[in-house]
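Where a number appears in this text, it was derived from the coordinates with a stated rule and is not lab data. Since we're looking at a predicted model, the values are computed, not measured. Heads up, the Cβs are rebuilt from the backbone with ideal geometry, glycines too, and the neighbour counts pull from every protein chain shown.
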């Protein structure tokens, strides 16, 4: 029976087990190994999802494979699932699928087997950077190319550079005009008094020495 259960799982990518849950395929994302320059394909992992699932399809499949009636097949399949849930200090291994076991708290757990790498071979992938190549890009709702975007950003940087120079020139002119006004009005009284220098005079003689 286990062989047919495995066949049904790999065929449907899911296998309901009454009273246990459902074994399901979950695919991991592909990864790139830069050191080995290989693309590791997405490897499937079989996980146990707790819950109640309809097992009518697998019962019909097992009935046709075993040559038994639906009722007798259902009873045998139910007993097989009950033996799994009743495990405490043992393990139930299904070849090519995984292992059922009870954790430290007595909860039923499933550990997936690693599929053979020949089913998902690695692919050589060398990263190539083409600096002069042009690729299409979607900017907002319009399609552009990498060449157009590079030209756009180069023009933007030039405009910012020109604006910085214009601002610096304006500030320098304001400072020069301010200095000119300040020095031309140096001889007029201001807020803090006159800016004109006071000429020095000799002090009057206050005493006389007689011989």
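Can you list the residues of segment 8-28 with backbone N under 16 Å from a point 7 Å past the Cα of residue 65, pointing along Cα to Cβ? Counting backbone N atoms under 16 Å from the label point, the list is 8-18, 23-25. Simple spin-label estimate for residue 85 and residue 25 gives 2.7 nm between the two label positions (7 Å along the Cα-to-Cβ direction from each Cα).
Report the gain in length on full extension from residue 95 to residue 11: 0.36 nm times residue separation, minus Cα-Cα distance, nm rounded to one decimal.
Details: separation 84, 0.36 × 84 = 30.24 nm, distance 1.56 nm.
In short, 28.7 nm is gained.
Quick check on packing: order 8-20, 57-69, 165-177 by the mean number of other C-beta atoms within 10 Å, highest mean leading. Numbers along the way, then the final one.
Values: 8-20: 18.1, 57-69: 15.5, 165-177: 9.8.
Ranked from most to least packed, the peptides come out as 8-20, 57-69, 165-177.
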